[in-house]
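Here's the structure, in C-alpha coordinates; my notes come after.
The values are calculated or read from the model by the stated rules, or taken from the named source; none is laboratory data. This structure is a prediction, so every number in the text was calculated from the model and none was measured. We place every Cβ from the backbone using ideal geometry, glycine too, and count neighbours over all the protein chains shown. Side chains are part of the model used for accessible areas, which takes the heavy atoms of the whole protein and leaves out ligands, DNA and RNA. Shrake-Rupley method; radii C 1.70, N 1.55, O 1.52, S 1.80 Å.
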Amino acid sequence: MAKCGQSWVPLREVVIAYDHARHAPFGDVVTLDFLNTSLSVDARAAVELTLESARSLHELLGIAIAAASGEEKRA
(Lines give C-alpha, C1' and ligand atoms only; values in the text may rest on other atoms or scores of the structure.)
Protein backbone atom coordinates (compact mmCIF):
# COMPACT_ATOMS: atom_id res chain seq x y z
CA MET A 1 0.00 0.00 0.00
CA ALA A 2 1.09 3.57 -0.61
CA LYS A 3 -0.36 6.91 0.38
CA CYS A 4 -1.54 8.76 -2.71
CA GLY A 5 -3.03 12.15 -1.88
CA GLN A 6 -5.50 11.59 0.94
CA SER A 7 -6.08 7.87 0.30
CA TRP A 8 -4.16 4.61 0.27
CA VAL A 9 -3.75 2.61 -2.93
CA PRO A 10 -2.72 -1.04 -3.34
CA LEU A 11 0.60 -1.59 -5.08
CA ARG A 12 0.88 -4.83 -7.04
CA GLU A 13 4.23 -4.69 -8.84
CA VAL A 14 7.75 -3.42 -8.40
CA VAL A 15 10.41 -2.57 -10.94
CA ILE A 16 13.97 -2.56 -9.60
CA ALA A 17 16.73 -1.08 -11.72
CA TYR A 18 20.12 0.60 -11.68
CA ASP A 19 19.95 3.79 -13.70
CA HIS A 20 20.55 7.53 -13.68
CA ALA A 21 18.74 9.31 -10.87
CA ARG A 22 15.58 11.09 -11.98
CA HIS A 23 15.05 13.24 -8.89
CA ALA A 24 17.73 12.48 -6.30
CA PRO A 25 20.87 14.65 -6.55
CA PHE A 26 23.09 11.65 -7.30
CA GLY A 27 24.57 10.03 -10.40
CA ASP A 28 23.44 6.44 -10.83
CA VAL A 29 21.06 4.94 -8.28
CA VAL A 30 19.10 1.80 -7.52
CA THR A 31 15.44 2.61 -8.17
CA LEU A 32 12.47 0.87 -6.61
CA ASP A 33 9.29 1.76 -8.49
CA PHE A 34 6.19 0.31 -6.84
CA LEU A 35 3.04 0.52 -8.96
CA ASN A 36 -0.39 -0.81 -9.81
CA THR A 37 -0.95 -0.79 -13.58
CA SER A 38 -4.70 -1.26 -13.16
CA LEU A 39 -4.94 2.19 -11.54
CA SER A 40 -3.92 5.67 -12.68
CA VAL A 41 -0.29 6.59 -13.24
CA ASP A 42 -0.38 8.38 -9.86
CA ALA A 43 -0.85 5.03 -8.10
CA ARG A 44 2.87 4.53 -7.55
CA ALA A 45 5.68 5.11 -5.13
CA ALA A 46 9.27 5.48 -6.26
CA VAL A 47 12.50 5.37 -4.27
CA GLU A 48 15.99 6.24 -5.49
CA LEU A 49 18.86 4.85 -3.41
CA THR A 50 22.61 5.25 -3.59
CA LEU A 51 24.48 1.94 -3.78
CA GLU A 52 25.49 2.39 -0.14
CA SER A 53 21.87 2.95 0.92
CA ALA A 54 20.69 0.00 -1.19
CA ARG A 55 23.28 -2.25 0.46
CA SER A 56 22.15 -1.09 3.92
CA LEU A 57 18.51 -1.69 3.02
CA HIS A 58 19.39 -5.17 1.72
CA GLU A 59 21.20 -6.01 4.96
CA LEU A 60 18.41 -4.68 7.17
CA LEU A 61 15.74 -6.47 5.14
CA GLY A 62 17.67 -9.71 5.65
CA ILE A 63 17.69 -9.14 9.40
CA ALA A 64 13.96 -8.34 9.49
CA ILE A 65 13.09 -11.35 7.30
CA ALA A 66 15.16 -13.69 9.48
CA ALA A 67 13.45 -12.36 12.61
CA ALA A 68 10.01 -12.69 11.02
CA SER A 69 10.80 -16.23 9.87
CA GLY A 70 11.71 -17.13 13.43
CA GLU A 71 8.43 -15.68 14.69
CA GLU A 72 6.45 -17.62 12.04
CA LYS A 73 8.10 -20.89 13.08
CA ARG A 74 7.11 -20.27 16.70
CA ALA A 75 3.48 -19.48 15.83
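Data for the structure
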{"read-out": "Checking VAL29 against (1) touching a Leu at 6+ places or on another chain (Cβ under 7 Å); (2) assigned to a loop (DSSP other than H, G, I, E, B), the condition it does not meet", "value": "(2)"}
{"read-out": "Cβ-Cβ under 7 Å pairs, at least 6 apart or on other chains, the stretch 51-65 side closer than 16 Å to LEU32 by Cα, far side not in a helix (DSSP H, G or I) and not β-branched (Val, Ile, Thr)", "value": "LEU57/LEU49"}
{"read-out": "Test result for ILE63, in a strand (DSSP E or B), modelled with pLDDT of 95 or more and open to solvent by 60 Å² or more (accessible area, probe 1.4 Å)", "value": "no"}
{"read-out": "The stretch 1-50, residues that are touching a residue at least 40 places away in the same chain (Cβ under 8 Å) and aliphatic (A, V, I, L, M)", "value": "ALA2, ALA43, ALA45"}
{"read-out": "Hey, GLU72 part of a helix (DSSP H, G or I) and among the acidic types (Asp, Glu) or not", "value": "yes"}
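Here's the yes/no breakdown for (1) modelled with pLDDT under 95; (2) among the basic types (Lys, Arg); (3) open to solvent by 70 Å² or more (accessible area, probe 1.4 Å):
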position	(1), (2), (3)
CYS4	yes, no, no
GLY27	yes, no, no
VAL41	yes, no, yes
ARG74	yes, yes, yes
